[in-house]
Every structure is written in structure tokens, then in C-alpha cells.
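I have placed the structure first, in the form of C-alpha cells, so that the comments after it can refer back to it.
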Amino acid sequence: MAALPKNMEHVDRRELYTSLPVRVQYLQQFLEFSAGVDADDVVALIDGQKYIKQIIPAIVNMVYKKLLMHDITARVFSTRDSRREEDPDEWVKEEGSQIRHRKMFLRWYLTKLNSDPSKMEYWQYLDKVGLMHVGKGRKNPLHVDYIFLGACLGYIQDAMTEAILSHPRLELLQKIAIVKAIGKVIWIQNDLMAKWHLIDGQEFDDEFVEEEVQAEAAEPEGYINGHRILGNQRSDDSSSEGRPSSVSSGRSGKSTTSLGRTPEQVRQSNEVSRCPFSGMTHTPKQMETQRATTWRPCREEAVVPPVPSGIPKLHLIDGRTVCKENLGPNPFE
């Protein structure tokens with residue numbers, strides 16, 4: 001057997017399917033996702049948090065309007081299994097308590113998705129999200145076909161990309177960095193969802209993996225290794241509606257947040273970092289209106305194209321092109 005060529009690294013196939021750290025490291029290397037504490041992608045995600053968090057409530061509303069637009073996804077909220085095609089006795093409504101509850105968790109999930117990915121706990125949670133949608137890892141099983149999960153991730157990525165690229169105050173290089181970092185994270189999440197639906201690597205399944213799945217199911221939603229990582233103030237410090245207040249009273253009697261800031265400091269910070277897309281509209285018609293009114297740079301001089309006469313400027317006679325003098329000047333000369 002020939003030795004590996006220079007600069008070629010060995011990747012163990014079994015470990016890709018049995019070790020989450022190995023799988024995540026491989027994906028990070030392939031996508032060139034820099035995962036160190038001070039790495040470019042991590043810094044971009046952390047710097048972009050204040051902009052992304054402002055549009056999360058709008059994205060959540062858009063996602064659930066989309067999910068309730070088709071019966072095949074809307075019925076999952078009643079059947080908890082997209083493979084079942086019988087219609088429910090009563091269709092869920094967006095203003096109902098169940099959808100409001102699910103919106104809360106989606107807000108927390110998107111906040112976590114745009115947080116610091118330098119710790120393994122971050123990727124463990126993304127892997128658990130995939131596990132929870134194949135009828136495992138929950139006391140009350142839920143199965144959602146991969147086509148709907150992938151489409152939902154694509155819709156979320158598109159909304160985030162548009163919001164960042166359209167931001168009028170972000171520098172171009174910062175927009176590029178944030179969009180690239182978010183795209184890489186979402187595609188790793190996409191893989192960690194797909195792996196639970198695919199048969200690839202099933203020959204490496206064993207009893208230990210099943211024991212881990214059962215342990216995951218014993219934990220409440222939003223917990224990893226016994227620690228709550230969703231809905232707390234560290235991961236959701238600036239999320240808006242649907243979350244208990246993070247302001248508490250210390251021994252001194254002065255109200256502060258979990259990060260030690262006073263309400264006045266929080267208000268001033270929000271005023272400075274407020275994203276102009278915090279009021280993003282929710283309906284397709286309103287979205288089209290908003291996109292039409294989005295600021296765009298204008299040319300200094302309007303170029304009015306000549307009105308076409310309908311008469312061709314060139315003619316072909318005896319295999320030769322004539323009337324070239326009717327054409328305008330060549331812009332490339």
C-alpha cells in the first residue's frame with residue numbers, strides 16, 4: 001500500500017460516523033471554518049450577533065407562516081410525524097398557544113446558532129437538534145423528513161443573508177465575513193441533521209450509541225449534558241418577545257442584568273446597536289414593499305437608453321456584414 005502523498009491527511013471513516021468532534025473538525029477544515037477563540041469566523045459571528053438578534057423575531061414569524069402555508073408541514077404540529085398523511089381534526093393556527101411555544105424555541109435556537117461556536121457544547125447542541133427530528137432524543141418523539149428541515153434552513157439562511165447584505169451601516173468586508181461565517185455554520189448544521197436521516201455509516205452503529213440516544217431523551221429540550229443552553233441570559237441576552245426578563249435585583253437593591261449591566265446601560269447599548277431591520281415586516285406583500293424601498297446607491301448621471309426603432313442596424317449581403325457605420329462607438333476601444 002502506497003504511503004500518503006505529502007500534505008495529504010488521513011481521515012478515518014469510522015470516526016466520522018462515531019465521533020462528533022472528529023466529524024465537526026473535518027467539516028470545519030473542509031469549509032475552512034476557523035473555530036479558534038480569536039479566529040475570523042468566530043469573531044465575525046460574535047460581532048454580527050447584535051445585528052442578527054434584532055431580526056430573529058421577524059425571521060421566526062416568516063418561518064412559521066411558511067410552515068403553515070402547506071398541509072404537509074402544518075399537520076406535523078398535530079401528528080408529530082411528517083410520514084403520516086391523515087389530516088388532523090383541527091388545524092393549528094399561528095396565534096395558537098402551540099405555535100407561540102414553538103416560536104419561542106426557534107428564537108432561542110437562532111440565537112444559539114449565532115453565538116460563540118468555539119466550544120464543543122455548541123456543536124453538541126446542533127447535533128442534538130438533528131437527533132430530535134428523527135423520533136429520537138425526546139420523551140415525546142418527533143419525526144420530520146429531511147426535505148423539510150433542509151428547506152427551512154435554506155429559507156433562514158436566505159433571510160439572514162439579505163438582512164446583512166442590505167444593512168446600510170456595515171462595511172462591505174464585515175458583511176462578507178458575517179455572511180460567510182453564518183453560511184458555514186448553517187451548512188454544518190445541515191450535515192448534522194442529514195446524518196440522522198441517511199443510512200451512510202450505519203455499519204458502525206452499536207449499543208453505546210443507542211445508550212447515548214436514550215440519555216439525550218432523558219434531558220429536557222434546550223439542555224446539553226445537564227446544562228441549560230437555551231433560553232438563559234448568556235445565550236439570549238438581547239432576544240425580544242417571549243422571554244422572561246433578565247433584570248434582577250442584587251444585594252445592593254440596584255436592578256442589573258445577569259451581565260451586571262443596569263437597565264439604563266442596556267437601553268443605551270440597544271440604541272447604539274439597533275439594527276434598522278428590527279422592524280422587518282412579516283407578510284410576503286409587505287416584504288416586497290420593504291425590499292422595493294431599501295436604500296440603494298444611485299448613479300450620478302441617469303443613462304437613458306435610446307428608443308429602439310425596430311430597424312436592424314446591420315445587414316448581411318452576400319455573406320458580408322454591412323452598415324457598420326450605423327453602430328455606436330465601441331466602448332472597449
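Any read-out appearing in this document is the output of simple, stated calculations on the displayed coordinates, not a laboratory observation. Nothing here was measured: the structure is a model prediction, and the numbers come from that model. Cβ placement follows ideal geometry from the backbone for every residue including glycine, while neighbour counts extend to all protein chains displayed.
Is region 1-106 best put as rounded, prolate or oblate by its Cα gyration tensor, with a ≥ b ≥ c the root eigenvalues, rounded for a/c under 1.5, and otherwise prolate when a/b is larger than b/c, oblate when not?
Oblate shape, in that a/c is at least 1.5 and b/c is the bigger or equal ratio.
What is region 112-151 by shape, rounded, prolate or oblate, if you read a ≥ b ≥ c off the alpha carbon gyration tensor as root eigenvalues and call it rounded for a/c under 1.5, prolate for a/b larger than b/c, and oblate otherwise?
Oblate, because a/c is 1.5 or more while a/b does not exceed b/c.
For region 109-118, in order, what is each residue's ³J(HN,Hα) by Karplus, 6.51 cos²θ - 1.76 cosθ + 1.60 with θ = phi - 60°, in whole Hz (x at glycine and Pro)?
4, 5, 5, 5, 4, 9, 10, 6, x, 7
Roughly how many whole Å is it from the C-alpha centroid of region 1-63 to that of region 151-190?
Cα centres, region 1-63 to region 151-190: 15 Å.
Anything over 24 Å Cα to Cα? Flag those among K119/K180; K50/K184; K65/K195; K53/K180; K93/K184, in the order listed.
Those over the limit are K65/K195; K93/K184.
Convert each backbone phi in region 101-106 into a coupling constant with the Karplus relation 6.51 cos²θ - 1.76 cosθ + 1.60 (shift: θ = phi - 60°), then list the ³J(HN,Hα) values in order as whole Hz, x for Gly and Pro.
Karplus values, whole Hz, x for Gly and Pro: 5, 5, 4, 4, 5, 5.
Simple spin-label model, 7 Å along Cα-to-Cβ: E15 to K139 in nm?
Modelled inter-label distance: 3.8 nm.
Would you please give the residues with an amide H less than 5 Å from that of H143, counting only those at least 5 places away or on a separate chain, with H modeled from the backbone geometry?
The answer is D81, S82, G135.
In whole angstrom, and with the biggest value first, how far do the Cα coordinates of region 48-112 range along each principal axis?
Principal-axis extents of the Cα atoms in region 48-112, largest first: 43, 22, 17 Å.
Hey, what do the phi angles of region 136-149 turn into as Karplus ³J(HN,Hα) couplings, whole Hz, using 6.51/-1.76/1.60 and θ = phi - 60°, x for Gly and Pro?
Values, residue by residue: 10, x, 9, 5, 10, x, 9, 10, 10, 4, 4, 4, 6, 5 Hz.
Could you calculate the FRET efficiency of E32 with I72 from 1/(1 + (r/R0)^6), where r is the beta carbon distance between them and R0 is 35 Å, rounded to 0.05?
0.45
Determine the gain in length on full extension of the stretch D89-C323; use 0.36 nm per residue of separation and subtract their C-alpha separation, reporting nm with one decimal.
This chain segment gains 76.9 nm when fully extended.
What net charge is computed for the residues neighbouring R84, neighbours being all others with C-beta under 15 Å from the C-beta of R84, Lys and Arg scored +1, Asp and Glu -1?
Summing Lys/Arg as +1 and Asp/Glu as -1 gives -4.
Name the shape class, rounded, prolate or oblate, that the alpha-carbon gyration tensor gives for region 19-169, where a ≥ b ≥ c are the square roots of its eigenvalues, rounded holds for a/c under 1.5, and otherwise prolate holds if a/b is larger than b/c and oblate otherwise.
oblate
Per the Debye formula with a single identical scatterer at each Cα and no solvent contribution, what log10 I(q)/I(0) holds for region 95-202 at q = 0.16 Å⁻¹?
The calculated log intensity ratios at q = 0.16 Å⁻¹ are -0.83.
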